[in-house]
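Reviewing the structure listed below.
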Amino acid sequence: MPMLNASKLYSLLLTTYGEPRWWSDDPYTVMFQAVLVQNTAWENVEKTSASIGENLNPETIYALSQEELERLIKPCGFFKAKARTIRALTEWYGRYNCSREKTESKTMNELREELLSIKGIGEETADVILVYAFYRPSFIVDAYTRRFLRRFGYSFQNDEEIRKFFTSLLSADAKDYGYFHWLLLDHGKTYCRKKPLCSFCPLIRLCKQKED
């Protein structure tokens with residue numbers, strides 16, 4: 001079976017899994033969780049966010065001392081570094097009056113460069129924030145995406161080639177990019193793990209590295 005282009009692959013995943021959830025409608029929740037989820041399980045992020053509850057907002061987080069913030073996010077690991085990043089990210093968002101609408105004065109690339117200038121914000125986290133917090137079409141490439149493509153027979157030299165593969169046929173739409181990323185993430189966590197569950201995978205017919 002020939003390999004599918006990005007558009008057909010997206011349609012296949014949507015047909016297989018249905019429309020996925022959105023990360024959050026609150027931009028600061030997305031930013032906060034995007035930092036916490038680095039190198040930890042999503043369950044830890046959800047528990048930490050739930051413990052904060054309705055107080056998960058820039059004002060509350062920024063008012064905490066460094067030690068208080070570290071203690072709050074400790075279950076997510078690397079808490080000292082993540083606390084510094086969260087504080088810096090909160091300060092950055094404050095320059096836009098903590099308003100999604102205020103960020104619209106900047107182009108996507110300008111916002112991306114500003115985010116990447118914050119220590120602890122790499123390309124994946126910056127793209128997550130752009131897509132889910134600010135509804136900007138910056139396609140997210142992560143470990144799950146790379147693994148999926150490799151196992152399904154696609155060959156790319158770097159993340160930029162991967163990004164071009166996805167964006168060349170898809171319209172530049174943050175909603176589609178966000179859904180596509182979440183579908184790849186769910187598939188990777190459910191079936192296409194480091195040790196894959198090939199016998200249960202609904203896409204096994206397309207896989208080039210399936211295990212017996």
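Read the figures in this text as sums done on the coordinates, not as results from a lab. This one's a predicted model, so the numbers in the text were calculated from it and none came from an experiment. Note that each Cβ is placed from the backbone with ideal geometry, even for glycine, and that neighbours are counted across all protein chains shown.
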*Using a Gaussian network for the chain with springs between C-alpha atoms less than 10 Å apart, which of these wobbles most: C98, C201, C192?*
C201
*Sparsely packed trypsin sites (Lys or Arg not before Pro) within segment 16-106, loop by DSSP, other Cβ within 10 Å at most 16*: R21, R95, R100, K106
_Estimated [θ] at 222 nm from DSSP helical runs (n ≥ 4, -39500 (n - 2.57)) normalised by residues in the chain, nearest 500_ = -16000 deg cm²/dmol
*Which entry in (1) 56, 36, 30; (2) 138, 77, 60; (3) 51, 39, 32 is this structure's computed Cα extents along the principal axes in Å?*
(1)
*In whole percent, what relative contact order does segment 27-133 give with Cα contacts below 8 Å and a gap of six or more residues?*
35 percent
*Mind sorting D127, D176, D159, D25 by how few other Cβ atoms lie within 10 Å of their own Cβ, fewest first?*
D25, D159, D176, D127
*Once you've got the GNM for the chain with C-alpha springs shorter than 10 Å, pick whichever of S105, S24, S138 has the biggest mean-square fluctuation.*
S105
*Expressed as cubic angstrom per residue, what is the convex hull volume of the alpha carbon set of segment 27-133?*
89 Å³
*Tell me, how many Å apart are the Cα centres for segment 22-54 and for segment 85-131?*
16 Å
*What are the lysines whose alpha-carbon lies under 18 Å from the alpha-carbon of K82, with same-chain residues fewer than 8 places away excluded?*
K47, K74, K119
